[in-house]
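Engineer: The structure is given below, and queries will be raised subsequently.
The values are calculated or read from the model by the stated rules, or taken from the named source; none is laboratory data. Predicted, not measured: the structure shown is a model, and the values here were computed from it. We place every Cβ from the backbone using ideal geometry, glycine too, and count neighbours over all the protein chains shown.
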Amino acid sequence: MYVILGGMRMNQEKKGWKDILSSLQSFFTNKKTVKSARITYNVVWNLILLFIIVMVIGAGFAGGAAAGYFASLVKDEPIRSYEQMKKDIYNYEETSELYFDKDVYLGKLRTDLYREEVKLEDVSQYLIDAVVATEDEYFYEHDGVVPKAILRAVFQEVTNSSLQSGGSTLTQQLIKNQILTNEVSFERKAKEILLALRLERFFDKEEILEAYLNVSTFGRNAAGNNIAGVQAAAEGIFGVDVKDLTLPQAAFIAGLPQSPFGYTPYSSDNGKIKENLEPGLTRMKTVLSRMYTGGAITQAEYNEAIEYDITKDFITESEDGHTIEEYPWLTFEIEKRAVDVLSYILAEKDGYEKDDIDSDENLKAEYRALADRDLRQNGYNVHTTINKDIYDKMQDVTANFQLYGYDKTEVIVNPETGEKEEIKEPVELGAILIENKTGKIISFVGGRNFKREQINHATAAKRANGSTMKPLLVYAPAMELGKLQPGSVLPDVEAYLNGPGSPWPSNYDKRYSGLTSARYALTRSYNVPAVIAYKNIVNQRPTTFLEKMGFTSLEKDDHTNLSAALGSIAGVTVEENVNAYGTFANGGQFVDAYMIDKITDKDGNVVYQHEVKPVDVFSPQTAYLTIDMMRDVINRGTATSLHNRLKFSSDWAGKTGTGHNYYDSWFVATNPNVSFGVWNGYDTQKSLDLNYKGVSYGARNIYLWADLMNAAYDVDPKLVDPAERFEMPGGIVRRSYCGASGLLPSQACSDAGLVQTDYFNAKYVPTKVDDTLSSSKFVRIGDKQYFALDSTPAEFVENGGATLDPSYMESILGHKISNPSQLVPNRGAWAKTLVSNSRMSENGRTPAKLGISNDGKTIKWNAHPDKDVIGYRVYNDGKKVGTLKAGSKLTFKAGNGNFHVTAVDIAGQESPPSNVIKIGEEKPEEPKEPKETTESKKTETPEKPEKEKPTDKENDNE
């Protein structure tokens, strides 16, 4: 046909249009031509039909195959409901934030990824446009996927050609990040397409875009931390809120998701700005170009943004980074406690009780793991009880205190080389301040250097609490059980409470004080009376009082070992020890200490609110009596050095404590508002320096306690220095008692001057009259006293003494007292008290003659060797002129004359005269009388010799 037409066209040029038309008409009307055309048409049409049929069949086969393959890829993917998809899409990690007391912002919880949720309406429009233009230009048009983009991606995958542009929409990226993984496979891609289509059915574009903006990762912030979400990116890179981003800033952030750590301006080295910023800057320009070509910005906006130096907007320090550097002890402690709180909440939702969790370690670990993830994912606001200003001040005091003691060498094994290395170990401390009525932990000190030692010495380190245990386990429980009162008398003597052998326990000064009241024993921190008192109640399991007061680490042996009375237990934290002391301030009610006051979710809903739940431990009477006893520790006992160090003087009651071998030093005290305690020691058990820079180990710890409390006082005087004092409850009376037994005073006790007074619980005042004392006469040799005999010369006897029967104290001690004289204290009115077996053993013979000498007009001699000699008589020319007691200075100032001395034993026997010492001029010889005749002798009646009268000099040398 084309040839014919071509010929006709040539004829047309020769013959003109008329001839051409005539020829065409003849051709189409010719029968042969019409037949040929019909045949040609039928052939062409049949070929077209055949081709269409083949194409349809092929397409159907290919589509079926593709559909079948697609179905096989997604066969295991469950059909997700709207609620399931909503939960998955919005389940992105958001960093929880921490607060001091009174909503003072602390910082973000430490985490590997920092994120902060933001609503779409609060995001800069620049950033929204930049993300859409860069990541998904057809976002508002497609239904979750773009077919041609998928085909292009498949083609590139099959042909292994380089990727020119992504095949994933924002919807697909969201599915990949929140539901699927980053696995590169056709199966994952097929599931991604299916879920993207389903997501678009359930959610509108704004919801999808908001989720994407909160999910995407954006490299690092200025602190070097990984960040996700546009709010964290805006704050962490430019230091602004996401709604305030400029066009260049928005373009820079929008370009980061393609290669977050390639384009980020910060390195992992504490967030230092990279030397090469070109990749990120180039990517920003690409984003601006796409915004311009897509019509999101004008030519003028584009030009201005391209020329802008974005590097000057990069911040150099992250103001909202985590707080591990500045507040390491606190951040870790809050995290641990918040996880504990949430673990119980999660377990309760699953039907478990708190006791179920505490008694099953596996269950506890499971719910703690769930709570930890919950805390890091859900953007909680954790509000604490910590007073920021007091906390900061205490850390300053800790850093600047100069009396810790010497660093000591510790040998460790290097885990990498296996070789032994020597390190210097410093004295550590733990301290905590707790509000009594609420249990709020106001402040604490976890240690001196977190980088050296991460354990929190205030809340986690367990140590023996020394004598600070005595009020908690001995005196208060004994009073509560009716076995003891402040005026109860206990023996401080050599005791064998571990059985025969070496005496145990012993006092810190290795001496004994004799009979002592419970009050005085606590004031002076005597060990022997405390263990004796504990021995007499240990079968009533007084450790249950400790358990009620929050002691969590008691082991089986701690309930029966007598050494627990001295704090020798498995260990207790500073927090537990100090918290228990608040029981006395609260009138006998224990209020558990806490740090997490409230947890709210990101919408402000309260997830957890702490509730104060007091536990009855002691009666108000027991609590007050214990407080009153511990006042004496500070006023006149082992903590008196506090007075000159503290800026203020509220009503404090407390107790010092020393661990075995001086491993630990404690001081815990309480007033009507707060309890505060400080521990000092080495991490590995080493003895503290008894003296450092002229200050004893105990005083150093008290000084530190005072400095820390002074710091708290500077911040909040009303909190730590209340005007009120501890109030005495009803049921307490003041009564007199006998200091020899703690019973009601007898006449003998009154005569001996041993009556004392103290407070008693009215239910437990003594009712029996003392029968351990009786009146007596005694002789004194030095600092020892012995009973006088009926024949003991009067000039050596002292009256007004008392005899003590040791049997009552032996019943309290539990065994015979090997040296009963130890019962008599060397103080006050006790000087005239004897133990019933304080009898001098007489030898039955007359003392031997003494030898004397003189130094001028002073006569001297040595003590007589006989042990029953109680004194000496001095004679001048046969007349007694002086009496000296054994044990005194054996000299006598003499006048003129001839002197001799005799020794006198307790039975009254006197030795022969000593040699005579002649002092001064000889007396003139008296005229001799004429000799009497025999007759006169017979008739003269002899006169009786005049009885010697004592001279005024007899007592000169007593």
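Engineer: Collect the residues in the stretch 194-206 that are of a type outside the set (Lys, Arg) and free of Cβ contacts under 8 Å to residues at least 60 places away in the same chain, keeping them in residue-number order.
Structural biologist: Selection gives Ala196, Leu197, Glu200, Asp204.
Engineer: Can you find, within the stretch 125-168, the residue that is modelled with the highest pLDDT among those that are under 20 Å from Arg283 (Cβ atoms) and of a type in the set (Ser, Thr, Tyr)?
Structural biologist: Tyr126
Engineer: Tell me which of these Ser506 doesn't satisfy, since it passes every other one: (1) in a loop (DSSP other than H, G, I, E, B); (2) under 29 Å from the mean Cα position of the chain (by Cα); (3) small (Gly, Ala, Ser).
Structural biologist: (2)
Engineer: Between Leu813, Leu804, Leu773, which is among the hydrophobic types (A, V, I, L, M, F, W, C), under 21 Å from Ile870 (Cβ atoms) and touching a strand residue (DSSP E or B) at 6+ places or on another chain (Cβ under 6 Å)? Spell out the reasoning first.
Structural biologist: Working: Leu813 fails: under 21 Å from Ile870 (Cβ atoms); Leu773 fails: under 21 Å from Ile870 (Cβ atoms).
Selected residue: Leu804, the only one of Leu813, Leu804, Leu773 that is among the hydrophobic types (A, V, I, L, M, F, W, C), under 21 Å from Ile870 (Cβ atoms) and touching a strand residue (DSSP E or B) at 6+ places or on another chain (Cβ under 6 Å).
Engineer: Let me ask another. May I ask you to list the residues in the stretch 412-448 that are in a loop (DSSP other than H, G, I, E, B) and either among the hydroxyl-bearing types (Ser, Thr, Tyr) or farther than 30 Å from Asn671 by Cα (or both)?
Structural biologist: Hits for the stretch 412-448 are Asn414, Pro415, Glu416, Thr417, Gly418, Glu419, Pro426, Thr438.
Engineer: Could you pull out the residue among Thr409, Thr398 that is of a type in the set (Ser, Thr, Tyr) and assigned to a helix (DSSP H, G or I)?
Structural biologist: Answer to the selection: Thr398.
Engineer: I need a count of the residues in the stretch 875-887 that are touching a Gly at 6+ places or on another chain (Cβ under 8 Å) and at pLDDT 90 or above.
Structural biologist: Going through the stretch 875-887 one residue at a time, the tally reaches 6.
Engineer: For Ala464, work out the one condition from (1) more than 21 Å from the chain's Cα centre (by Cα); (2) crowded, with 22+ Cβ neighbours inside 10 Å; (3) farther than 25 Å from Asn673 by Cβ it doesn't fulfil.
Structural biologist: (1)
Engineer: What pairs come out if I take residues in the stretch 664-680 that are under 11 Å from Ala653 (Cα atoms) and pair them with residues that are modelled with pLDDT under 95 and of a type in the set (Ser, Thr, Tyr) whose C-beta lies under 9 Å away, six or more apart or interchain?
Structural biologist: Asn671/Ser650; Pro672/Ser650
Engineer: How many residues, within the stretch 601-639, are of a type in the set (A, V, I, L, M) and either surrounded by fewer than 18 Cβ atoms within 10 Å (Cβ to Cβ) or at pLDDT below 95 (or both)? Lay out the reasoning, then the answer.
Structural biologist: Pass one, the stretch 601-639, residues of a type in the set (A, V, I, L, M): 606-607, 612, 615, 617, 623, 625, 627, 629-630, 633-634, 639.
Adding the requirement that they be either surrounded by fewer than 18 Cβ atoms within 10 Å (Cβ to Cβ) or at pLDDT below 95 (or both) leaves 606-607, 612, 615.
The total comes to 4.
Engineer: List every residue pair whose Cβ atoms lie under 7 Å apart, where the two residues are 6 or more positions apart in sequence or sit on different chains, the first residue falls within the stretch 421-432 and is closer than 11 Å to Leu708 by Cβ, and the second residue, located anywhere, is aromatic (Phe, Trp, Tyr) and surrounded by 24 or more Cβ atoms within 10 Å (Cβ to Cβ).
Structural biologist: Qualifying pairs under 7 Å: Leu429/Trp679; Ala431/Phe444; Ile432/Phe444.
Engineer: Considering only residues that are farther than 23 Å from Ala495 by Cα and not hydrophobic (A, V, I, L, M, F, W, C), look in the stretch 544-564 and name the one that is surrounded by the fewest Cβ atoms within 10 Å (Cβ to Cβ). Spell out the reasoning first.
Structural biologist: First pass over the stretch 544-564, keeping only residues farther than 23 Å from Ala495 by Cα: 544-556.
Now narrow it down to the ones that are not hydrophobic (A, V, I, L, M, F, W, C): 544, 547-548, 550, 552-553, 555-556.
Working: Thr544: 13, Glu547: 13, Lys548: 16, Gly550: 22, Thr552: 11, Ser553: 12, Glu555: 10, Lys556: 8.
So the residue we want is Lys556.
Engineer: So for the stretch 727-748 (the condition being part of a strand (DSSP E or B), farther than 28 Å from Gln485 by Cα and free of Cβ contacts under 8 Å to residues at least 60 places away in the same chain), does at least one residue qualify? Steps first, answer last, please.
Structural biologist: Residues of the stretch 727-748 that are part of a strand (DSSP E or B), as a first pass: 732-738, 744.
Checking the rest, the ones that are also farther than 28 Å from Gln485 by Cα come to none.
No, the stretch 727-748 contains no residue that is part of a strand (DSSP E or B), farther than 28 Å from Gln485 by Cα and free of Cβ contacts under 8 Å to residues at least 60 places away in the same chain.
Engineer: Residue check, Pro471 against (1) in the same structural domain as Tyr682 (by TED's automatic domain parsing); (2) in a loop (DSSP other than H, G, I, E, B), all met but one. Which one?
Structural biologist: Only one criterion is unmet by Pro471, namely (2).
Engineer: Sticking with this structure for a sec: Has the stretch 817-839 got any residue that is touching a residue at least 40 places away in the same chain (Cβ under 8 Å), in contact with a helix residue (DSSP H, G or I) (Cβ under 6 Å, 6 or more places away or on another chain), not in a helix (DSSP H, G or I) and not polar (S, T, N, Q)?
Structural biologist: yes
Engineer: Restricting to the stretch 503-541, what's the tally of residues that are on the phi > 0 side of the Ramachandran plot, at pLDDT 95 or above and not polar (S, T, N, Q)?
Structural biologist: Qualifying residue count, the stretch 503-541: 2.
Engineer: From the list Leu50, Leu109, exactly one residue is modelled with pLDDT of 65 or more and over 50 Å from the mean Cα position of the chain (by Cα). Which is it?
Structural biologist: Leu50
Engineer: Taking only the stretch 762-791 into account, find how many residues are in a loop (DSSP other than H, G, I, E, B) and under 20 Å from Ala831 (Cα atoms).
Structural biologist: 7
Engineer: With the requirement that a residue be touching a residue at least 24 places away in the same chain (Cβ under 8 Å), surrounded by fewer than 22 Cβ atoms within 10 Å (Cβ to Cβ) and within 24 Å of Tyr140 (Cβ to Cβ), what does the stretch 258-292 give you?
Structural biologist: Within the stretch 258-292, Gln258, Arg283, Thr286, Arg290 meet the criteria.
Engineer: Can you confirm whether Ala580 is in contact (Cβ under 8 Å) with a residue 60 or more places away in the chain, within 19 Å of Tyr534 (Cα to Cα), touching a Ser or Thr at 6+ places or on another chain (Cβ under 8 Å) and not in a loop (DSSP other than H, G, I, E, B)?
Structural biologist: no
Engineer: Same structure, new question: Go through (1) touching a residue at least 60 places away in the same chain (Cβ under 8 Å); (2) buried (at least 16 other Cβ atoms within 10 Å of the Cβ); (3) over 24 Å from Thr438 (Cβ atoms); (4) in contact with a Lys or Arg (Cβ under 8 Å, 6 or more places away or on another chain) for Ala570 and report which single condition fails.
Structural biologist: Of (1) touching a residue at least 60 places away in the same chain (Cβ under 8 Å); (2) buried (at least 16 other Cβ atoms within 10 Å of the Cβ); (3) over 24 Å from Thr438 (Cβ atoms); (4) in contact with a Lys or Arg (Cβ under 8 Å, 6 or more places away or on another chain), only one is false for Ala570: (2).
Engineer: Could you identify the single residue in Gly379, Gly405 that is modelled with pLDDT of 95 or more and surrounded by 14 or more Cβ atoms within 10 Å (Cβ to Cβ)?
Structural biologist: Gly405
Engineer: Just a yes or no: is a residue in the stretch 336-349 in contact with a helix residue (DSSP H, G or I) (Cβ under 9 Å, 6 or more places away or on another chain), in contact (Cβ under 8 Å) with a residue 40 or more places away in the chain and assigned to a loop (DSSP other than H, G, I, E, B)?
Structural biologist: For the stretch 336-349, residues in contact with a helix residue (DSSP H, G or I) (Cβ under 9 Å, 6 or more places away or on another chain), in contact (Cβ under 8 Å) with a residue 40 or more places away in the chain and assigned to a loop (DSSP other than H, G, I, E, B): absent.
Engineer: Kindly check whether there is at least one residue in the stretch 311-319 that is among the basic types (Lys, Arg), part of a helix (DSSP H, G or I), within 49 Å of the chain's Cα centre (by Cα) and over 30 Å from Ile128 (Cβ atoms).
Structural biologist: Here is the first cut: in the stretch 311-319, the ones among the basic types (Lys, Arg) are 312.
Adding the requirement that they be part of a helix (DSSP H, G or I) leaves 312.
After this cut, where a residue has to be within 49 Å of the chain's Cα centre (by Cα) as well, the list is 312.
Remaining after also requiring over 30 Å from Ile128 (Cβ atoms): none.
For the stretch 311-319, residues among the basic types (Lys, Arg), part of a helix (DSSP H, G or I), within 49 Å of the chain's Cα centre (by Cα) and over 30 Å from Ile128 (Cβ atoms): absent.
Engineer: Among the candidates Pro847, Pro825, which residue alone is crowded, with 17+ Cβ neighbours inside 10 Å and under 18 Å from Lys885 (Cβ atoms)?
Structural biologist: Working: Pro825 fails: under 18 Å from Lys885 (Cβ atoms).
Just one listed residue meets the conditions, Pro847.
Engineer: Does Ile423 satisfy being modelled with pLDDT under 90 and within 30 Å of Lys686 (Cα to Cα)?
Structural biologist: For Ile423, the condition - modelled with pLDDT under 90 and within 30 Å of Lys686 (Cα to Cα) - is met.
Engineer: I need the full set of residues from the stretch 750-807 which are among the small types (Gly, Ala, Ser) and within 17 Å of Leu515 (Cα to Cα), in order please. Even if it seems obvious, please write down each step before you answer.
Structural biologist: Within the stretch 750-807, the first condition is being among the small types (Gly, Ala, Ser), and the residues that meet it are 750, 752-753, 762, 774-776, 782, 788, 791, 794, 800-802, 807.
Matches in the stretch 750-807: Ser750, Ala752, Gly753, Ser774, Gly801, Ala802, Ser807.
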